[in-house]
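A quick write-up on the structure given underneath.
Just so you know, all these numbers are worked out from the coordinates, no wet-lab data involved. Everything numeric in this text was worked out from a predicted model, so none of it was measured. Note that each Cβ is placed from the backbone with ideal geometry, even for glycine, and that neighbours are counted across all protein chains shown.
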Amino acid sequence: MSCLLECCCDGLEAAREAWAGGADRIELCRELDTGGLTPFREVIAEAVREAEGRPVNVLVRPREGDFVYSGEEIRRMIEDIAFCREAGANAVVVGALTASGQIDMDAMGRLLEAAAGMHVTFHRAFDECSDPSACLEDIISLGCDRLLSSGHEKDAFVGRMRLADMVRQAEGRITVMPGCGINPGNILEIKTVSGAVEFHSSSKGESGRTDRETVKKLKEAI
């Protein structure tokens, strides 16, 4: 089975490098040093235009910090999701937890309703949940298309065995996509152990930025 590489891009320049290197899909965000935030709307619109039909997924996260959101923050996220749909984005990337570390099913239900007709990825908020197995079932029940995770560890290489467990548990009901710390030197091992078929990487080169040659090497490795 062929594998897919999604590149995490913190702006238009990174997106251009990702496409030039052969990325299959991008996840657009800003401020990666905080874990990523919702991109500015003009950047979303331009990134979708430049993609020329290739899939652009957009992170919808209103602030840094935890993933326990107020009603006002959820309303802002719903507005951002509506803009992403209007702009022609392929998917939104979202996640919300309760204070006790469970999936916030009410908040997520509202976000998925707003995203009707789009794909939805549940992001690495999952890696802060209290019960990975139960929370995976909750995310599946919501109807999310994929789950981005490091396997509840500091990075996907360390979490590759847990990721394998998650892929087995999912049984094709959701795509489990390893992400965090994936590079050309470890992606094949993560693929082999986890059994995953989609991978998420910022694809940074020596400059510390998304780099087309790094994207090419990641693609070649899988």
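The residue that is farthest from Leu5 (Cα to Cα), among those in the stretch 139-161 that are surrounded by fewer than 19 Cβ atoms within 10 Å (Cβ to Cβ) and touching a helix residue (DSSP H, G or I) at 6+ places or on another chain (Cβ under 8 Å), is Leu142. Looking across the stretch 99-155, the residues that are β-branched (Val, Ile, Thr) and either in a strand (DSSP E or B) or within 18 Å of Ser70 (Cβ to Cβ) (or both) come down to Ile103, Val120, Thr121. How many of the residues in the stretch 1-10 are outside any strand (DSSP E or B) and within 15 Å of the chain's Cα centre (by Cα)? Final tally of qualifying residues: 1.
Conditions tested, residue by residue: (1) touching a residue at least 24 places away in the same chain (Cβ under 8 Å); (2) surrounded by fewer than 17 Cβ atoms within 10 Å (Cβ to Cβ); (3) under 27 Å from Leu142 (Cα atoms); (4) touching a helix residue (DSSP H, G or I) at 6+ places or on another chain (Cβ under 8 Å).
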{"position": "Pro178", "(1), (2), (3), (4)": "yes, no, yes, yes"}
{"position": "Ile187", "(1), (2), (3), (4)": "yes, no, no, yes"}
{"position": "Glu206", "(1), (2), (3), (4)": "no, yes, no, no"}
{"position": "Leu218", "(1), (2), (3), (4)": "yes, no, no, yes"}
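Take the conditions (1) part of a helix (DSSP H, G or I); (2) loosely packed, with under 15 Cβ neighbours inside 10 Å; (3) out of contact with any helix residue (DSSP H, G or I) (no Cβ under 6 Å at 6 or more places or on another chain); Ala14 misses just one of them, which is (2). Scanning the stretch 61-109 for residues that are in contact with a strand residue (DSSP E or B) (Cβ under 6 Å, 6 or more places away or on another chain) and farther than 25 Å from Glu137 by Cβ yields Cys84, Ala89, Asn90.
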